[in-house]
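One structure is given below, encoded as C-alpha cells.
The values are calculated or read from the model by the stated rules, or taken from the named source; none is laboratory data. Just so it is clear, the structure is predicted and the values come from calculations on it, not from any experiment. Cβ coordinates were reconstructed from backbone atoms using ideal geometry, including for glycine residues, and neighbour counts include every protein chain displayed. For accessibility, only protein heavy atoms count, side chains too; no ligands or nucleic acids. Shrake-Rupley method; radii C 1.70, N 1.55, O 1.52, S 1.80 Å.
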Amino acid sequence: MSQTVAVLDIGKTNVKLALFDDGRLLWEKSAPNCIRPGPPYPHEDVENAWNFFLDALREAAHTHQISAIVPTAHGAAGALIGENALAAPVMDYEFAGVEVIEPDYARLRPPFSESLSPKVPAGLNLGRQLAYQKWCCSDLFAKARHFVGYPQYWTWRLSGVAVSEVTTLGAHTDLWAPRQGEVSSLVKALGVNHLLPPLRRAFDPLGPIRPEIAAATGLAPETQVFCGIHDSNASLLPYLVSRQAPFTVLSTGTWVILMCVGLSLDQLDPRDDTLANVDALGRPTACGRFMGGREYAVIAGGGGNPALDAIERVIESGAIALPCFSGQGGPYATTEGVIRGKVAAGERTALATLYCALMSDLMLTRMGAIRGDLIVEGTFAGNLPFCQTLGALRTTQRVFAAQDTAGTARGAAMLAHWPPSYQIAEPAPVDPISIIGLDSYRKAWTAAVDMIAQ
C-alpha cells in the first residue's frame, strides 16, 4: 500500500475527503455541507462534517496507508474554541444579522490602505463576526481560549494544537495588514490579541492525530497533522511552484476568485470588491471576486454547461443578465440582478456563461491584469464555452483549463511534502476562437452595467 495524504476539504457547499500520492488523486468522497439555523445565529454544522470525516477516514484506511492529514476550508469563517470544545458555533458568513453592530464596528475597522480588505456584506469580513460574538454573545465569548481560522479549527480538532495561519488571517478578514505582514490595528482595538495563537506556516507539521481519532478510524497513531490553508490559496499553490509571474488563476466554485500573481496592489479598489489575499509564503496577492458559482446557478436555473452555438444565439438575441444574483460579492453586490430580453429555457446556461465570463473580464480589466497566462481552475474549468468566451474577451492573455475539479484539495495535499519534488500537472491550453458579435455584446453589457451603477 502506498503512503498517502488525506485532505479534509470544507467548502461552502460540500465537504470532501480526498487522498493523494505525489499529486495523483487516489480516492475521494463528498457530502453536502449543512448550515444549522441557530441559536444563537446560523452556523456551520461542524458535528455533521466531523462525523462524515471520521467515517470517510475509516473507510479510506482499509485500502490506503495515510501518513498525513491537511485541512483546507473556505474563508470568512473562524472558531472560538475553549479548553476542549467550541466556545461558540462557527458562524455562517451569510448571516446578515451581524450587520446590527456595523455603526460601532465601522469605528474600529482599519482603513483599506492598511488591511486591503474591503467592507463586504453580512459576515464576509471575519473581524465583524468576531466583534459580533464579543459584543452580542458575551457569555459564549467569555469561554473562549483561542480564536482560529476555519482550516485551523480542523487542525486543532485533529491534533489538539491551536495555531494561526496567514492565508486565513489574510482573507478579507480586516484582521491582517498584508503589506506589513502582521495583525492589523483591529486586533488591538477589539482587545482580542490574547485569543490569537502562535502563527505557523500552512506547510508546518503540528504533531500526530489525537489517540482517540486513531482508535476511531484505524489510522496509525503517528499520522501527522499539518497546519492547513485557505481554500483559494490551496488552488493557487500548484501554479506558484510551476509558473513565473505574472499569471492569474480563476479559482471557481461557489465563488469566482481572481488571483493575479505579480500584479501591483495599487489598482485595488474596495468598491469593486478587489482586495489582497496572502499566499502560503506570506506574500500579498491582488485578488478580485464575485459569487460566480451561485450566480450561475440562479441565472441558469440549475447546473450544466452550454454548447458554443447556444452562446452565439444568446449574443444574437441581445438578451443580457445584469448583476447581482447573489446579494453579495463583486462590484455590484448591492444591486438586484435582472435579465433583460427573452431567453429560451434551454439557453439559460449560455446566458449564465456569458454573464460569468463578462464579470471576470470586467474585474480583471479594472485591476489592470492584462498580461500573463489565465488559468481556470475548479467548476468552470469543465465549462469549455466559458473558457473559450473568456479567451475571446482577454485577447492579450492565453487561457488554460485545469484538467480536474480537485484543484483545491490537490494544492492542499502539496503542503505535506513542501516544496513538492514531483512534476506538477499542466493545465490544458484553450484554443483561441472568435465569437461572432461578442465585442458588440460586451459593449452593450458594459454600458448597461454602468447605468445600474449610477
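List the strands (runs of 3 or more DSSP E) that sit entirely inside the stretch 323-440 and contain at least 3 residues that are acidic (D, E).
none
Could you list, in sequence order, all residues of the stretch 298-319 that are crowded, with 16+ Cβ neighbours inside 10 Å and either in contact with a Pro (Cβ under 9 Å, 6 or more places away or on another chain) or closer than 22 Å to V376 by Cβ (or both)?
Answer for the stretch 298-319, where residues must be crowded, with 16+ Cβ neighbours inside 10 Å and either in contact with a Pro (Cβ under 9 Å, 6 or more places away or on another chain) or closer than 22 Å to V376 by Cβ (or both): V298, I299, A300, N305, P306, A310, I311, E312, V314, I315.
Just wondering, is there one or more residues in the stretch 188-195 that are assigned to a loop (DSSP other than H, G, I, E, B) and open to solvent by 20 Å² or more (accessible area, probe 1.4 Å)?
Taking the stretch 188-195 as the starting set, the residues that turn out to be assigned to a loop (DSSP other than H, G, I, E, B) are 191-192.
With the extra rule that they be open to solvent by 20 Å² or more (accessible area, probe 1.4 Å), the set shrinks to 191.
Yes, there is a match, as at least one residue in the stretch 188-195 is assigned to a loop (DSSP other than H, G, I, E, B) and open to solvent by 20 Å² or more (accessible area, probe 1.4 Å).
Between A131, A61, A85, A96, which is of a type in the set (G, A, S) and open to solvent by less than 10 Å² (accessible area, probe 1.4 Å)? Steps first, please.
Values: A61 fails: open to solvent by less than 10 Å² (accessible area, probe 1.4 Å); A85 fails: open to solvent by less than 10 Å² (accessible area, probe 1.4 Å); A96 fails: open to solvent by less than 10 Å² (accessible area, probe 1.4 Å).
Going through A131, A61, A85, A96 in turn, just one is of a type in the set (G, A, S) and open to solvent by less than 10 Å² (accessible area, probe 1.4 Å): A131.
From the list I213, I257, pick out the single residue that is within 18 Å of L8 (Cβ to Cβ) and either at pLDDT 95 or above or β-branched (V, I, T) (or both).
Details: I257 fails: within 18 Å of L8 (Cβ to Cβ).
On inspection, the qualifying residue turns out to be I213.
Of the numbered conditions (1) open to solvent by 10 Å² or more (accessible area, probe 1.4 Å); (2) closer than 21 Å to N33 by Cβ, A162 satisfies every one except a single condition; which is it?
(2) is the only condition that A162 fails.
Exactly one condition in (1) touching a Ser or Thr at 6+ places or on another chain (Cβ under 8 Å); (2) surrounded by fewer than 18 Cβ atoms within 10 Å (Cβ to Cβ) is false for E182; which is it?
Condition (1) is where E182 drops out.
Matching residues to (1) open to solvent by less than 10 Å² (accessible area, probe 1.4 Å); (2) at positive phi; (3) not in a loop (DSSP other than H, G, I, E, B):
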site: L250; (1), (2), (3): yes, no, yes
site: T254; (1), (2), (3): no, no, no
site: L258; (1), (2), (3): yes, no, yes
site: L263; (1), (2), (3): no, no, no
site: Q267; (1), (2), (3): no, no, no
site: R271; (1), (2), (3): no, no, yes
site: A276; (1), (2), (3): yes, no, yes
site: A280; (1), (2), (3): yes, no, no
site: G293; (1), (2), (3): no, no, yes
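Looking at T389 and the list (1) open to solvent by 20 Å² or more (accessible area, probe 1.4 Å); (2) touching a residue at least 60 places away in the same chain (Cβ under 8 Å), which single condition is not satisfied?
Here T389 meets the rest and fails (1).
Residue check: is S360 of a type in the set (S, T, N, Q) and crowded, with 18+ Cβ neighbours inside 10 Å?
Numbers: of a type in the set (S, T, N, Q): yes; crowded, with 18+ Cβ neighbours inside 10 Å: yes.
It is true that S360 is of a type in the set (S, T, N, Q) and crowded, with 18+ Cβ neighbours inside 10 Å.
What's the number of the only condition in (1) in a helix (DSSP H, G or I); (2) in contact with a Ser or Thr (Cβ under 6 Å, 6 or more places away or on another chain); (3) of a type in the set (V, I, T) that I66 fails to meet?
Status for I66: all satisfied but (1).
When you scan the stretch 336-348, do you find a residue that is open to solvent by 20 Å² or more (accessible area, probe 1.4 Å), free of Cβ contacts under 8 Å to residues at least 24 places away in the same chain, among the charged types (D, E, K, R) and at negative phi, even just one?
Looking through the stretch 336-348, at least one residue is open to solvent by 20 Å² or more (accessible area, probe 1.4 Å), free of Cβ contacts under 8 Å to residues at least 24 places away in the same chain, among the charged types (D, E, K, R) and at negative phi.
Could you check the stretch 210-225 and list, in sequence order, the residues that are among the β-branched types (V, I, T) and open to solvent by 10 Å² or more (accessible area, probe 1.4 Å)?
Passing the criteria: none in range.
Tell me the residue from G378, G382, G407, G411 that is among the small types (G, A, S), under 22 Å from the mean Cα position of the chain (by Cα) and open to solvent by 30 Å² or more (accessible area, probe 1.4 Å), please.
G382
Give the stretch 21-58 a look and list any residue that's open to solvent by less than 50 Å² (accessible area, probe 1.4 Å) and assigned to a strand (DSSP E or B), or say none.
Scanning the stretch 21-58 gives D21, W27, A31, H43, E44.
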